[in-house]
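The values are calculated or read from the model by the stated rules, or taken from the named source; none is laboratory data. Worth saying up front: this structure is predicted, and the values here are computed from it rather than measured. Because the Cβ atoms are built from the backbone with ideal geometry, glycine has one as well, and the counts that use them run over all protein chains shown.
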Amino acid sequence: MAARKKTASGKVAAKTTRKTARKTTRKTARKTTHKTTPKKSLSAAEQLKEYQRKRDFGKTAEPSGASKSASTLASKTARKPSRSAAKNKLEFVIQKHAATQLHYDLRLEIDGVMKSWAVPKGPSADPGVKRLAMQVEDHPVEYNSFEGTIPSGEYGGGTVMLWDNGTYEIENPLEDDMNSAAHDQYERGELKINFHGKRIKGSYALVRTRGFGRSASKPSWLLIKHRDEDAHPESESSLTTKYVKSVTTNRTMDEI
Ligand code: MN
């Protein structure tokens, strides 16, 4: 009886070990596949086609993103990490944009471009507030320093202010490299971000939703603050009300 029991528990233990081993193997395999399969991520040039198609660079002062595309093409490495990615930090920018409808553009550096979302109400530091973030076309990394006025009649016509910038990290990354972690969470539609901005700080979730928002071509997401030391109620302090000047030039929208 005792011997039988021992065998049974032994079997169970062996099964568990095998299961764990299989799991680990699968994880490793996925990681390897991920690194050697470039089809998952497009080159910066390919990602920026929509951005370039929508703009006339003879009329708008926005960056064309052409130099970046050329260098990326030359290297033939779609996933070549940028300088900030090598430091395990990626760049982000938030631009206040007085287009037909005022909104804040959140841009996150992923795969050599700025993945972009238009957030009508801007970011909130209140964990009880969900902010709609409508995904828009990828922007070039050079856009991170753009502040100015897009001529009316042109795509996105209106004033663009640099509202915040800095670096971000993916929380608890499964990958060794920060860009790969960001890429994977982006593909899964659930980013867990730690912002190191001057105005936006700490932990946020950016989650893809279904059938929400009016954009037909690109999905809608929600930007939600996590509870941490940087969280505070919207009623006590609103980020967009508190900060109304450029983070780099200290100008108001009217002064830009
Ligand atoms: Mn915009």
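Collect the residues in the range 46-63 that are within 12 Å of Asp138 (Cα to Cα) and part of a loop (DSSP other than H, G, I, E, B), keeping them in residue-number order.
Once the filter is applied, which keeps residues that are within 12 Å of Asp138 (Cα to Cα) and part of a loop (DSSP other than H, G, I, E, B), the range 46-63 yields Leu48, Lys54.
Can you run down the residue pairs with Cβ atoms below 7 Å, 6 or more apart or on separate chains, where the first is in the range 221-238 and part of a loop (DSSP other than H, G, I, E, B) and the partner is among the basic types (Lys, Arg)?
Correct list of pairs: Asp230/Lys201; Ala231/Lys225.
Consider Asp105 carefully, then state whether it is within 12 Å of the ligand (Cβ to nearest atom), at pLDDT 95 or above, part of a strand (DSSP E or B) and not hydroxyl-bearing (Ser, Thr, Tyr).
yes
Could you give every pair whose Cβ atoms fall below 6 Å, whose first residue belongs to the range 39-55 and is under 15 Å from Ser116 (Cβ atoms), and whose second residue is modelled with pLDDT under 90 and among the charged types (D, E, K, R), counting only separations of at least 6 or pairs across chains?
Partner pairs satisfying both residue conditions: Ala44/Lys68.
Would it be correct to say that Asn165 is polar (S, T, N, Q) and not in a strand (DSSP E or B)?
So Asn165 fails the test.
Contact list please: Cβ distance under 8 Å, first residue in the range 140-161 and touching a residue at least 12 places away in the same chain (Cβ under 8 Å) and crowded, with 17+ Cβ neighbours inside 10 Å, second residue in a helix (DSSP H, G or I) and of a type in the set (S, T, N, Q), pairs at least six apart or on different chains.
Going by the 8 Å Cβ cut-off, the qualifying pairs are Pro140/Ser69.
In contact (Cβ under 8 Å) with a residue 60 or more places away in the chain, over 17 Å from Ala98 (Cβ atoms) and hydrophobic (A, V, I, L, M, F, W, C): does that describe Ala205?
no
Which condition breaks for Gln185 when tested against (1) part of a helix (DSSP H, G or I); (2) in contact with a strand residue (DSSP E or B) (Cβ under 8 Å, 6 or more places away or on another chain); (3) surrounded by fewer than 19 Cβ atoms within 10 Å (Cβ to Cβ)?
Only one criterion is unmet by Gln185, namely (3).
Which residue pairs have Cβ atoms under 7 Å apart, sit 6 or more places apart or on different chains, and have a first residue in the range 91-108 that is in contact (Cβ under 8 Å) with a residue 12 or more places away in the chain and a second that is within 9 Å of the ligand (Cβ to nearest atom) and among the aliphatic types (A, V, I, L, M)?
Within 7 Å, the pairs are Gln95/Val160; His97/Val160; His103/Ala118; Asp105/Ala118.
I'm told Asp164 meets every condition in (1) more than 16 Å from the ligand (Cβ to nearest atom); (2) touching a Phe, Trp or Tyr at 6+ places or on another chain (Cβ under 8 Å) except one. Can you identify the failing condition by its number?
With respect to (1) more than 16 Å from the ligand (Cβ to nearest atom); (2) touching a Phe, Trp or Tyr at 6+ places or on another chain (Cβ under 8 Å), Asp164 is out only on (1).
Quick check: is even one residue across the range 119-128 in a strand (DSSP E or B) and either surrounded by fewer than 22 Cβ atoms within 10 Å (Cβ to Cβ) or near the ligand (Cβ under 10 Å from one of its atoms) (or both)?
For the range 119-128, residues in a strand (DSSP E or B) and either surrounded by fewer than 22 Cβ atoms within 10 Å (Cβ to Cβ) or near the ligand (Cβ under 10 Å from one of its atoms) (or both): present.
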